[in-house]
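Here, each number is a calculation from the coordinates, and none is a lab measurement. Bear in mind that the values here come from a model prediction, so they are computed numbers and not experimental data. Note that we place each Cβ from the backbone using ideal geometry, even for glycine, and neighbour counts take in every protein chain shown.
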Amino acid sequence: MASLSIQNVKKSYGSVEVLKGIDLDLENGEFLVLLGPSGCGKSTLLNMIAGLDTITDGEILIDQTVVNDVHPKDRDIAMVFQSYALYPNMSVARNIGFGLEMRKVTKEERERRVDEAARMLQIDHLSDRKPAQLSGGQRQRVAMGRALVRDPEIFLFDEPLSNLDAKLRVEMRTEIKKLHQRLGTTMVYVTHDQIEAMTLASRIAILKEGEVQQFASPQEVYEKPANMYVAGFVGSPPMNFVPAAVVSENGKLGVSIERTANGSRGSVFLALPEDRQDISEWVGRDVILGIRPETLTHCSDSEMSLNNRLQAFDCQVEVLEPTGADTLTYIELGGREVIARVNPYNTTEPGETMAFMVDMGKASLFDPKTELRI
Amino acid sequence: MTDITALPGGKSPWQSAARFGLYTLLLIFAAYYILPLIVVLSTSMKDLDEIRNGTLLSLPAEINFDAWGYAWNEACIGVSCTGLKPYFWNSVAMTIPAVTISTLLGALTGFSLTKFKFKGANLIFAMILFGCFIPFQVVLLPMAQSLGFLGVANTVPGLVLVHIVYGLPFTVLFFRNYYVNIPDDLIKAATIDGAGFFMIFWRIMLPLSPPIIVVTVIWQFTQIWNDFLFGASFTTGGGQPVTVALNNLVNTTTGVKQYNVDMAAALITAAPTLAVYVLAGRYFVRGLTAGSVKG
Ligand SMILES: Nc1ncnc2c1ncn2[C@@H]1O[C@H](COP(=O)(O)OP(=O)(O)O)[C@@H](O)[C@H]1O
Ligand SMILES: [Mg+2]
């Protein structure tokens, strides 16, 4: 276990700045997920933590010690690669034990630890096979075993599950989570899959073009996205963005939204809850209202009476997409397509008007110019 | 692999005729190429009377290897009548170290050029590659001077050095292009595991290299064993390789021309290259890295 601190780390390849000043701090035993689209610099950052690539500027500290000039083998880290990177000429046992062999661990000790790791990952029956004779999932486990056996201070994972099929991916995700709970070792995990990030992380760092967009717990990233990029990246279906204007009505601040109901176009007022009344400087200006599909559903009077953050409005239904548990109901708000999650028994036929309620306590407001959270 | 001739509906009369024509043509070409070898082989087994009285294409009346023994032990190369034997061993002593060292150096250089990339690695590779296009004749004089300077002129070690230097561009080219396709992640993983440059080379890269080693060895062996120009230019008398000795044997005219001995000597000279093809050829294509990368 170790803490990890990344301070203003930059990386350039020639004139191309790939990382533009990354700051991250991890406690002992945390599970950090670096989340972002392909090409945003996740692997580059991970390689720099591993020491496989030099840092252009800034510092990386492991347990309060600057490791900028420490060789990868002396950083006490282990890494699992997207390609698994198993040594093709060595048996499974040899692959797992190679790191120990290089560190001159005695043969008996090595065999004991390889055996232990293999059993933990349920690959002990494959010890004598070559990587070419393994399935994708088994190779993945061998790659994990190679990291596990070293008992490092920090585990680094670079998209370890992206070469597996969907079912295995979910299984291995759970196993990695269990592994983290059992070992309690600090882990840094790179992925472009927001579900992996949400399920595994103790904290998520969302990267875009070499910059951290938000560094927070999964719940906070989900509920209070720092900007529209994060809001759109996390969650499926993604957050709805509705152009709206901040107005004051009956002494309360809220947003006004255009929509069509019963064949006529008009605006509705959705009041903001008590704790969001502090935006008086925005009155009369345009904002973007961000609503998660599950906070927008059919209107229920009983729930409305219990929770004064819920606001009701009616709107014409465009398309229905049943998913079984919920029906995704497409409506149009402020000229944008918006998805609501509705109980299948409360849906209305397309073309007809239906009453909705939205939880304004869980809504986000964004500045349309900077796209930052208000 | 599927036999495409065995697919259903693939046997119309026209196709059979085309196939017949194709095979006939191939047989003619094969005969055209194999005939000289057959003539050489059969002549080497005839005695001189038979050669004079028979035709070129007739087969020997009885198989006799007298000419082979003579070429190996007694034939006169210039003024010394030792047969090809000492020169053959010269060639062996030259080829084996030259092939081994140039292949090993090629592998090491290819490895550093691809997996331990340094600034200017590509430029250096381009310059090494340039060496492939330098004709033998261009390096003769400077090489002669270098050999003299190093004190290895007219020796087998001198020839070894010449062939190593001249062969390096090719071996580097082969290994670099092979290693470029081995995933960098393997090297990263091994680095984290604590292996250094030579350990990675020895434990990871070399075990993946047999296919390219075979290609390189065949190439280098053929080049070096068959070389005539360097051998003729840099050695005289007892230090000559077998190719030069063969030339001298054939050109030594004392009395009657012994065609059977000439032919046997030619075959002895060519035998090692043939043997290398026959023995190593089948290891040519082997996907050893298969399965190391993708799932
Ligand atoms: N060795 C390199 N030389 C030049 N550019 C590179 C190099 N490695 C990565 N890059 C660039 O850096 C960016 C980030 O790459 P990477 O970290 O691999 O992205 P990710 O892992 O998030 O998909 C990409 O635009 C890539 O083209
Ligand atoms: Mg990547």
Run the simple label-point estimate for B:Leu37 and B:Met199 please: 7 Å along Cα→C-beta, distance reported in nm. 4.8 nm
Taking a 32 Å limit on the Cα-Cα distance, which of the listed pairs A:Lys107/B:Lys119; A:Lys10/A:Lys107; A:Lys20/B:Lys188; A:Lys20/A:Lys177; A:Lys10/B:Lys119 fall beyond it? A:Lys107/B:Lys119; A:Lys10/A:Lys107
Go ahead and estimate [θ] at 222 nm for the protein assembly as shown from helices alone: -39,500 (n - 2.57) per DSSP H run with n ≥ 4, summed, over the residue count, rounded to 500. -13500 deg cm²/dmol
Set of lysines near B:Lys46 by C-alpha distance (under 27 Å), chain-local residues within fewer than 8 positions excluded: B:Lys85, B:Lys257
Over all distinct alpha-carbon pairs, what is the Kirkwood Rh of the protein assembly as shown in angstrom? 32.1 Å
Taking the Cα centre as origin and putting +1 on Lys and Arg beta-carbons and -1 on Asp and Glu beta-carbons, what dipole magnitude results for the protein assembly as shown, to the nearest 20 debye? 2180 debye
Viscosity 1.567 mPa s, temperature 4 °C, Stokes-Einstein D of the stretch A:235-326 from Kirkwood C-alpha radius, µm²/s: 87 µm²/s
Which of A:Asn8, A:Ala261, B:Leu26, positive extreme of dipole for the protein assembly as shown (C-beta unit charges): B:Leu26
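Among B:Val92, A:Val221, B:Val276, what is the fewest-to-most ranking by other Cβ atoms within 10 Å?
Ranking B:Val92, A:Val221, B:Val276 by Cβ neighbours within 10 Å, fewest first, gives B:Val92, B:Val276, A:Val221.
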Extending each Cα 7 Å along its Cβ direction at B:Phe20 and B:Phe130, get the distance between those two points in nm, one decimal. 5.9 nm
Convex hull projection area averaged over all views, the stretch A:35-125, Cα basis, nm²: 8.2 nm²
Using Cα positions and a limit of under 12 Å, work out the aspartates and glutamates in reach of A:Lys42, with same-chain residues fewer than 8 apart set aside. A:Asp158, A:Glu159, A:Glu209, A:Glu211
Could you give the nm distance between label points at A:Arg265 and A:Gln122, where each point is 7 Å from its Cα heading toward the beta carbon? 5.9 nm
Cysteines of chain B lacking any other cysteine beta carbon under 4.7 Å? B:Cys132
Inter-part gap, Cα centre of the stretch A:201-236 to Cα centre of the stretch B:97-128, in whole angstrom, is 46 Å
Find which of A:Thr353, A:Thr185, B:Ala266 sits farthest along the positive direction of the dipole of the protein assembly as shown, computed with +1 on the beta-carbon of Lys and Arg, -1 on that of Asp and Glu, about the Cα centre. B:Ala266
Listed by chain and number, the residues whose amide H is under 5 Å from that of A:Val18, excluding neighbours fewer than 5 places away on the same chain and using placed H, are A:Lys11, A:Ser12, A:Tyr13
Taking the stretch A:218-374 on its own, what percent of its Cα-Cα pair distances exceed 20 Å? 48 percent
For the stretch B:22-177, just the Cα atoms, rotate onto the principal axes and tell me the three extents in Å, largest first. 70, 52, 25
Rank B:Val139, B:Ile124, B:Gly231 by how far each Cα sits towards the positive end of the charge dipole of the stretch B:85-291 (+1 on Lys, Arg Cβ; -1 on Asp, Glu Cβ) and give me just the farthest. B:Ile124
Sites A:Glu220 and A:Asn68 - FRET efficiency at Förster radius 35 Å, r taken between beta-carbons, to 0.05: 0.70
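Where the convex hull is taken over the Cα atoms of the stretch B:11-64, what is its projected area averaged over directions, in nm²?
Average projection, Cα convex hull of the stretch B:11-64: 5.0 nm².
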Under a Cβ-Cβ cut-off of 11 Å, what is the net charge of the residues other than A:Leu32 that fall near it, where Lys and Arg count +1 and Asp and Glu count -1? -2
Name the lysines eligible as straight-distance cross-link partners of A:Lys362: C-alpha to C-alpha under 26 Å, and not fewer than 8 places from it in the same chain. A:Lys208, A:Lys224, A:Lys252
Rel. contact order, % - alpha carbon contacts under 8 angstrom, at least six apart, chain B: 29 percent
Among B:Thr109, B:Thr243, B:Thr216, which one shows the biggest mean-square fluctuation in a GNM of chain B, springs joining Cα atoms closer than 10 Å? B:Thr109
Could you list, bin by bin from short to long, the percent of Cα-Cα pairs of chain A in 10 Å steps? 5, 20, 24, 20, 15, 10, 4, 1, 0
